[in-house]
Structure formats: C-alpha cells, structure tokens
Amino acid sequence: MKVIGLTGGIASGKSTAARLLEELGVPVIDADLLAREAVRPGTESLAAIVALFGNRVLRSDGALERELLGRLVFEDPHARVSLEGIIHPEVRRLAELKLEGLRKSGAPVVFYMAPLLMEAGADTLCDEVWVVDLDAGTQLQRVRDRDGMSRREALQRVAAQMPPAEKAARGDLVIDNRGTVEELAALLKELVKTRVKGET
Ligand code: ATP
C-alpha cells in the first residue's frame, strides 16, 4: 500500500484537497481527528496535559478546553514543545493503527493529511509527500475570510508555522491552490489518474 502525505500551511487548502480526494475514492486519514481522539477523557495523554497545564484546561464535562490550550501554547513556545511531545507520538500510534487496518483491507493507496506532517516527523510514515501551496497574499486573505481575523492576527498565525516555501521544498509534489476550488478538483483528478493509479 502506498502512503501519500498531504500537508501545507495554515488555510492552504489541505482539508479541501482531502475532501476532493475522498470524492475521487481514495481513503484519507485525518491527523486532526486523530489528535482529538488522542486526548479524549480517560486517555493517558489528557492526564499528562492536565499535569502540565493544570485543571484550567479541562471543561466541566472533563473534555479538553482546546481553545484555551491553543492560546496558552501560542504564547509560550516551550509549552508548545511539551504539548507536542505528548500528542505527536500518540497521533503517530493511532495513524499506524489506521494504516494497518487499511493495509489489511487491501487498499492500494491512502493519503495521510497532517498540518504538521514534517514538524512531527510523520513524513517518515509516507512514501511521498504532497504539499498544498499558494502565494502569501491569497493565504492571508483565506485565513482572514475563514477565521474572521485582523490582518495582524492572521500574519502572526502564518508566521508561527514552518515557512510554506520550506515545506514545498521538502515535499515531492507541490499542489498549486492559488486558483478556484474547481481548478483544484481538476488538478487532483488528473494527479490521481496519472500519479496515484498509474493510468496514462
Ligand atoms: P487549516 O490547516 O488552517 O485548518 P486547510 O489547509 O485545511 O486549513 P482549508 O480549510 O481546506 O485549508 O481551506 C482554508 C479556507 O480557504 C477555507 O475557508 C476554504 O473554503 C478556502 N479555500 C480552500 N481552497 C480554496 C480555493 N481554491 N478557492 C477559494 N477558497 C478556498
């Protein structure tokens, strides 16, 4: 089974690309969903996070207060490294379980969509990596439109991540998402035909 990593910067269009790939019949594992699963109430990861950040990161129902935790680590890079040290290995373990299940089911190819694929070293799970990319101006506009942020906030969010050019350089294929969703759909359809299924 071939595993293709799918990554890119904030609001680059990874989720949109993932949805389009699923529509083309290719399974996609979503690392964001696994990250939520990793910290469900009762997990060791959640206990470790509470030990580190205190009960303030728990909601009254015992689930993780993700917004608050996000803000705390955004302001404190050391805390972010500690948090990632708890979550990333668990996400990787869950991803490996999913991959094993798909392998057993006979799937010939699967995408692993992960915003921090390279930062977490999860590109080592993949046979190749596709990077969704776009110019900085369009990216900023899409962050602002989606999240209702000021230009300043959006710039901070973009600057907190690995520079998109570095991600693109480390990938095997760059998916250009400067155009419309329809153009992205057509590009992915062609790539699945030629590069994934090997048809001419
Ligand atoms: P993040 O990692 O920040 O959650 P993402 O990389 O998964 O983001 P998406 O959620 O797919 O990105 O897209 C970001 C925003 O840009 C969404 O509002 C989406 O609808 C929009 N978008 C994505 N692709 C296009 C496109 N080609 N044209 C216009 N809008 C787009």
Self-check item: Placed amide H near Val174: partners under 5 Å, 5+ positions off or other chain
Solution: Val131
Practice problem: Enumerate the whole-percent occupancy of each 5 Å bin, from 0 to the last occupied one, for all C-alpha pair distances of the chain. | Solution: 1, 7, 14, 18, 18, 17, 13, 8, 3, 1, 0, 0
Practice problem: Could you state the orientation-averaged shadow area of the convex hull built on the Cα atoms of segment 46-93, in nm² to one decimal? | Solution: 3.3 nm²
Quiz prompt | segment 2-193, accessible surface, carbon-and-sulfur percent (1.4 angstrom probe) | solution = 52 percent
Quiz item: Tell me, what is the per residue accessible area of segment 2-193 in Å², probe radius 1.4 Å?
Solution: 53 Å²
Quiz item: What is the Cα centroid distance between segment 141-200 and segment 1-58, reported in whole angstrom?
Solution: 17 Å
Quiz item: Say the cut-off is 22 Å between C-alpha atoms; which of Lys167/Lys197; Lys167/Lys193; Lys14/Lys104; Lys14/Lys98; Lys14/Lys193 go over it?
Solution: Lys167/Lys197; Lys167/Lys193; Lys14/Lys104
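The values are calculated or read from the model by the stated rules, or taken from the named source; none is laboratory data. Nothing here was measured: the structure is a model prediction, and the numbers come from that model. Remember, those area values only see protein heavy atoms, side chains included, never the ligands or the DNA or RNA. Shrake-Rupley method; radii C 1.70, N 1.55, O 1.52, S 1.80 Å.
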